[in-house]
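The values are calculated or read from the model by the stated rules, or taken from the named source; none is laboratory data. Since the structure is predicted, the reported quantities are computational estimates derived from the model, not experimental observations. Glycine gets a Cβ as well: all are built from the backbone with ideal geometry, and neighbour counts include every protein chain shown. Calculation scope for accessible area: heavy atoms of the full protein, side chains included, ligands and nucleic acids excluded. Shrake-Rupley method; radii C 1.70, N 1.55, O 1.52, S 1.80 Å.
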Amino acid sequence: MNGHGTHTMGTMVGDDGGANRIGMAPGARIVNIKVADARGSVDVSQVIAAIDWVVQHRKDNGLNIRVLNLSFGTDSTQSYVLDPLAYAVEQAWKAGIVVVVSAGNDGNQHALRNPAMDPFVIAVGASEKGNTRPKITSVMDFSN
């Protein structure tokens, strides 16, 4: 495993053995479904096939997949109502899976990446931590 998805998984489920740095869900089980090559290249049809695999096999052998994280996005300009990737994440949502996707790394002036613009997913971006309350002061310059 390597890349942004691996980093994200570490943030979510990481546990450093008690040195005060744990993820949001330490001890959670991970089902790794890697579709990109070593350089991060992937065709959207492969991502859609992987989402479909998760939906079809979410309960196989006690997997109990309840959350799907996609560290992936496209620059599709069509409405989420017509987009095949958006349709795939909605099918996962309809199957009872919470879908979390990256907002994108194109900068604040850009719209959310696909499928982050779909109302059936949780879009996650990067924020900047300030020194005063509220702790979160702004969206990072690179985040959509």
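Here the simple spin-label model places points 7 Å from the Cα toward Cβ, and for Arg29 and Val124 these points are separated by 2.0 nm. The 3J(HN,Hα) values that the Karplus relation (6.51, -1.76, 1.60; θ = phi - 60°) gives for the range 59-71 are, in residue order, 10, 4, 6, x, 4, 6, 6, 10, 10, 10, 9, 10, 8 Hz. Gly and Pro appear as x.
Summing charges over neighbours of Gln91, with a neighbour being any other residue whose Cβ is under 14 Å away from its Cβ, gives -2 when K and R count +1 and D and E count -1.
Counting only heavy atoms of the protein chains and using a 1.4 Å probe, Arg66 has close to 150 Å² of accessible surface. Give, as a single signed number, the net charge of other residues whose beta carbon lies under 14 Å from the beta carbon of Asn64, with Lys and Arg counted +1 and Asp and Glu -1. That works out to +3. Under 5 Å from the amide H of Val98 lie the amide H atoms of Val67, Leu68, each residue being 5 or more positions distant or on a separate chain, with H modelled from the backbone and absent for Pro and chain starts.
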